[in-house]
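The next block holds one structure in the form of structure tokens; read it before the comments.
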Amino acid sequence: SSALREYERSRSLDSDAPAAYLRLAALESRQGSNLQRRADGDFVRADQLYRRLLDSEGMAELAYRRSYRQSILGNFAEAEQLAKESLDTAARMPDVQLEVRALCRLSAIRHGRHDEDDAIAWAEKAIGLARENGLEYWATDALLREGAGYLGKGDPKKAEGCFTQALQAATRNQWPRLVALAEVYLATFRDR
């Protein structure tokens, strides 16, 4: 893809820029099994560079991205450990947006493990923190996570309420990614 080529070019222009390795690794990890080794190498290089720079924000983002990747691979224990590492670092800095994203990641991981009570609890924590700090986009994202937890728990009324509220907020604010996710969740809900 053109994004991969641009990040590769960026990396070749400055081989000590950890963000280029991080973003490249994140893209590679979503491209399928043929790029997994490259993703692993780029994650390792980003880690080395962020550590050398003592860049807490970079390390927190790296842990978040690695957590996402491990979730996709079904390695939920490792994904959870990395998400908690991201959360802890974000809270110490503080970086509220990254903290909320890490809470959403933990909710998604727990949902993937079929631990819906914890998935809902993490999502509710993310919603509260996001709303306290005016991060409505991330509150809406967390609302979708909460709805997924209720759907997995077998509480369709609460799930539908979360999905509908999220769709309304995403539509009102013109957030296409969240509109699409809300519509997918509502379709899944209605299909059941």
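The values are calculated or read from the model by the stated rules, or taken from the named source; none is laboratory data. Quantities reported herein were computed from a predicted structural model and do not represent experimental measurements. Neighbour counts run over all protein chains shown; Cβ positions are idealised from the backbone, glycine included. Calculation scope for accessible area: heavy atoms of the full protein, side chains included, ligands and nucleic acids excluded. Shrake-Rupley method; radii C 1.70, N 1.55, O 1.52, S 1.80 Å.
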(1) at pLDDT 90 or above; (2) within 23 Å of GLN70 (Cα to Cα) all hold for ARG52 apart from (2)
Any residue at all in the range 17-36 that's in a helix (DSSP H, G or I), surrounded by fewer than 20 Cβ atoms within 10 Å (Cβ to Cβ) and of a type in the set (D, E, K, R)? no
Matching residues, the range 170-192, being modelled with pLDDT under 95 and open to solvent by 90 Å² or more (accessible area, probe 1.4 Å): ARG190, ASP191, ARG192
If you go through the range 146-169 one residue at a time, how many are open to solvent by less than 50 Å² (accessible area, probe 1.4 Å) and on the phi > 0 side of the Ramachandran plot? 0
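Condition check ((1) assigned to a helix (DSSP H, G or I); (2) open to solvent by less than 20 Å² (accessible area, probe 1.4 Å)) across all residues:
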position	(1), (2)
ARG45	yes, no
ARG51	yes, no
MET59	yes, no
SER67	yes, yes
LYS84	yes, no
LEU98	yes, yes
ALA108	yes, no
HIS114	no, no
Out of all the residues in the range 133-192, which are among the charged types (D, E, K, R), assigned to a helix (DSSP H, G or I) and touching a residue at least 24 places away in the same chain (Cβ under 8 Å)? GLU136, ASP141, ARG145, GLU146, LYS153, GLU160
